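Trainee: Encoded as C-alpha cells, here's the structure I'll be asking about.
A short reminder: the numbers here are calculations on the coordinates, not readings from a lab. This structure is a prediction, so every number in the text was calculated from the model and none was measured. Neighbour counts run over all protein chains shown; Cβ positions are idealised from the backbone, glycine included.
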Amino acid sequence: MHSATLLVLIDCMDIDKTLGPSPTLDVTPDMEPTCEFLEMPSTKDDMSKCDRSAGSSATSLDCRYYGLFNIDAMENKSDYEWDNLIDKAIWRGSDYVFLSGHWPNSKPEGESFFNEIASSANREGKMKKLIAGNRIGPRMKAVLMSKLNSSLIDAKFFNWGGGHAAGPLHLDTREHIEEDTFGKYRYQLDLGGGGGTTWSGVIPKLAMPGVLFHHVTSMKDSYFDLLKPYEHYYPLKEDFSNFEELVQEVRDDPEKAKRISAAATAWVKEFRKVGSLLKHNYDTLAVPLARSLDPTRQLEPIAFHVAHPNL
C-alpha cells in the first residue's frame, strides 16, 4: 500500500511516473511538482484575461494559481534588484473576518465599519482611531493605513466575486495584480483571515525579491515551524501594531534584509520539491496519524526511507 503522505499531494505528482505495483514511490530529490501553484515558470504567462477592471469574466479558478515568482521569467530583471524595489508594502485580499467563531481576539469583517467611517464628520480622525484601537482586524488596519499613508503601504480589498459595493471610501479594487507586479515591492504581507492564516499567501510571498512580514497569530499552518523569524521572515504582530517598526528595521539594516530574503527564496525552492513535500507530510501527517490510531505504537507507518528509497 502506498504511503498516506501521497493523498494530499496527488495533484502535484506525475502519477504515471511515480506510481506502480510496488509499495514505493519513484521520487527523486529534484523532482519538480506538477501542481500549478508550486511551479516556477520560466516564462511569464499572459494574464490579461484576469483583469476584472477591464471587464474580464475570468474566475479565480482561471487565474488564482499560475506559479511562484521566478526571476528567470521576468523581462526587466533589474526592476527586481533590491535597490530598485518600491519601498512600500503591498497587499491584496478579501475582506474577511479574522479568526472565525468565538476565538479570543476575533474581529468582524472590515465592511462592518464602512458606514461608521463614511458618516463621520472627520473621516481621517475616525480611521486613525480605529487603527490605534482593537476593534478592527489586521486586514482592515492595513487597508485604512494605506488610505492614510499611501507612500508606505498599498493595501486594498480584492475579491473575485466583485467585492463591496462602490462607496465613498474606495477601499476595494477590481484590478488583478500579478506576481511580476507584487515582486517589485520591498515589503510583502500575508494577513490572516478566518482561520488566522492565509494558506495561499505565505509561500508565494516568501519567493519574492523583497522580504515577508509574516503575520504571527494564534494559529499556524503545518509548515510554519520550519520557518524561523529573522532568518526567513520578519515577524508581524497579530494586531499589526509593529508594522512601521519592521519597515524601519529593514531600512536600518538592508544587508540583513537581503540575507533574509535570499534565505526565504532558497527555502521555497527546496520545500516545493515533491521529495520535500512527501517528507513534510510524512512527519506531520502519517506519523502523528498512526500514533493517534494506535497509542501503543504497535502500528507504525512504513519507514520513510523504505517508502521512498531514492530520497
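Trainee: Can you sort 72, 283 so the residue with the fewest Cβ neighbours within 10 Å comes first?
Mentor: Sorted ascending by nearby Cβ count, the order is 72, 283.
Trainee: In the stretch 192-211, which residues have a backbone nitrogen under 15 Å from the label point lying 7 Å from residue 266's Cα in the Cα-to-Cβ direction?
Mentor: So the set is 207.
Trainee: Something else now. Can you find, among 268, 241, 222, the residue sitting farthest towards the positive end of the charge dipole of the stretch 77-272, where Lys and Arg contribute +1 and Asp and Glu -1 at Cβ?
Mentor: 241
Trainee: State which entries of 77/107; 147/184; 77/128; 156/258; 77/156 exceed 31 angstrom in Cα-Cα distance in the structure shown.
Mentor: Exceeds cut-off: 77/107; 77/128.
Trainee: Given the pairs 88/237; 88/205; 256/279, which span a C-alpha to C-alpha distance of over 20 angstrom in this model? Walk me through the intermediate numbers first.
Mentor: Values: 88/237 18 Å; 88/205 14 Å; 256/279 30 Å.
In this structure, 256/279 exceed 20 Å between Cα atoms.
Trainee: Highest mean first, what order results for 115-121, 150-156 on Cβ atoms within 10 Å? Let's see the in-between values first.
Mentor: Numbers: 115-121: 12.1, 150-156: 17.6.
Ranking, from highest mean packing down: 150-156, 115-121.
Trainee: Using Cβ contacts closer than 10 Å as the measure, can you line up 123, 251 from fewest to most? Walk me through the numbers before you get to the answer.
Mentor: Details: 123 16, 251 11.
Lowest count first: 251, 123.
Trainee: Same structure again: In percent, what relative contact order does the stretch 77-272 have, based on Cα pairs under 8 Å that are 6 or more apart in sequence?
Mentor: Working: 308 pairs, mean separation 42.7, N = 196.
Computed value for the stretch 77-272: 22 percent relative contact order.
Trainee: Roughly what would the spin-label model give for residue 258 and residue 300, points 7 Å off Cα along C-beta, in nm?
Mentor: The answer from the label model is 4.8 nm.
Trainee: At 10 °C and 1.306 mPa s, grab the translational diffusion coefficient of the stretch 161-305 from Stokes-Einstein with a Kirkwood Rh over Cα pairs, rounded to a whole number in µm² per second.
Mentor: So the translational diffusion coefficient is about 90 µm²/s.
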